[in-house]
Amino acid sequence: MIDTLKKHIVEVEAFKTDSKEAVEAFRIKYLGKKGLLNDFFAEFKNVPNDQKKEFGQTINELKTLAAEKVNTLKEALENETDFSPIYGDLTRPGEPIELGARHPISIVKNQIIEIFSRIGFNVSEGPEIEDDWHNFTALNLPEHHPARDMQDTFFVQTDPDILLRTHTSSVQVRYMENNQPPIRTISPGRVYRNEAISARSHCFFHQVEGLYIDKEVSFADLKQTLQFFTTELFGKSKIRLRPSYFPFTEPSAEVDVYWGLETETDYRMTKGTGWLEIMGCGMVDPNVLDNCGIDSETYSGFAFGMGIDRIALLLHQISDIRLLSENDVRFLEQFRSAL
Ligand code: DAH
């Protein structure tokens, strides 16, 4: 009899489960009204006197163990939060994560920022809704200046002083108003012009403006900086500066990069010349420096401005500028890039 009890003790100690039903079955088996323990207690009167003591102790031990087991198992099961109604089967394979693609404008903009940041330029930004002063007047384009017509402007109808900036040169003005030289900054952003939309031009596009102001800055510094830039961005170091006119720079130039004439596309892109125009630049006009609170007797500098969209079209062989703002996923997903 005692041996049977001892077997049950071993069995109770070894019992394990993570189901509530099994715990309940276990409880009924040992501690229920018609359970084994009650049977054993009923046996007690039949046990010979000299064994009663040991039998009594063993049966109590079994009872305590069984009761403790039930309690511990119940507690453990109650504390265990069941997530299955929320998450379903936690062992199922994960959902595949779709990798996104950056917009080609962002890719090229980031490349330009990265190249200039290596030679000490920081990044600055200004508002897209500008006033006349920052977009025109401070840049040596007073009212009625004919060069204002070079850039067809969207005005805010109720106030002719407020407009959508036509170029990021407005950020130059803001930057100089708030910072003294040495200045080395590039200003990327969106600009707006009242132009007919076609494969080649849009009423909004993107530019990066560059500004370098310090003591004794020369045109040679400008040329070196641009040459470094074209080498890094296009892998092409041959550039030429053609005299041009911008009201805010004197002298002014247009920058062409020698693209080459190796393929038919090169011929088409460069109209058979091998050269591609990529930006405008020049030495900042002393009037502009003075307008922005920088002493033009002490300081000089250069500025440049380029269109990001055009460069993105060139670098990625995109044939229509409108693709850049239509956001067709089939177009966008072709631009997977680390930048
Ligand atoms: N703002 C000019 C444009 O939109 C580009 C430009 C030309 C910017 C010469 C400059 C510059 O800073 O020096 O066409």
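Data for the structure
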| read-out | value |
| --- | --- |
| Cα→Cβ-extended label distance, 7 Å offset, between Lys34 and Ser19, nm | 2.2 nm |
| Added length on full extension, which subtracts the Cα-Cα distance from 0.36 nm per residue, Glu75 to Lys238 | 50.8 nm |
| Per-residue HN-Hα couplings for region 297-313 [Karplus 6.51, -1.76, 1.60; θ = phi - 60°; Hz; x = Gly/Pro] | 6, 8, 10, 9, x, 10, 9, 8, x, 9, x, 6, 4, 4, 5, 5, 4 |
| Residue-span extension gain [Thr91 to Asp161] - 0.36 nm each, minus C-alpha spacing | 18.9 nm |
| Accessible area of region 104-335 divided out per residue, in Å², using a probe of 1.4 angstrom | 47 Å² |
| Within the chain, percent of DSSP bridges classed antiparallel, to nearest 5 | 95 percent |
| Inverse mean reciprocal Cα-Cα distance (Kirkwood Rh) of the chain, Å | 26.5 Å |
| Cα coordinate range in region 9-101, projected on the principal axes (Å, largest first) | 87, 21, 17 |
| Using θ = phi - 60° and Karplus 6.51 cos²θ - 1.76 cosθ + 1.60, couplings along region 7-15 (whole Hz; Gly, Pro as x) | 4, 5, 4, 4, 4, 4, 4, 7, 5 |
| Theoretical FRET efficiency, 1/(1+(r/R0)^6), r = Cβ-Cβ of Gln224 and Leu99, R0 25 Å, to 0.05 | 0.05 |
| In order through region 58-64: 3J(HN,Hα) via Karplus (6.51 cos²θ - 1.76 cosθ + 1.60), integer Hz, x for Gly, Pro | 5, 5, 5, 4, 4, 4, 4 |
| When region 220-308 is reduced to its Cα atoms, the Kirkwood hydrodynamic radius in Å | 14.2 Å |
| Net length gained if the chain between Gln334 and Asn287 were fully extended (0.36 nm per residue, minus Cα distance) | 12.3 nm |
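The values are calculated or read from the model by the stated rules, or taken from the named source; none is laboratory data. Keep in mind that what you see is a predicted model, and the values were worked out from it rather than measured. Positions of Cβ are backbone-derived with ideal geometry, glycine not excepted, and every protein chain shown enters the neighbour counts. The protein model used for the area step is the full one, side chains on, heavy atoms only, and it has no ligands, DNA or RNA in it. Shrake-Rupley method; radii C 1.70, N 1.55, O 1.52, S 1.80 Å.
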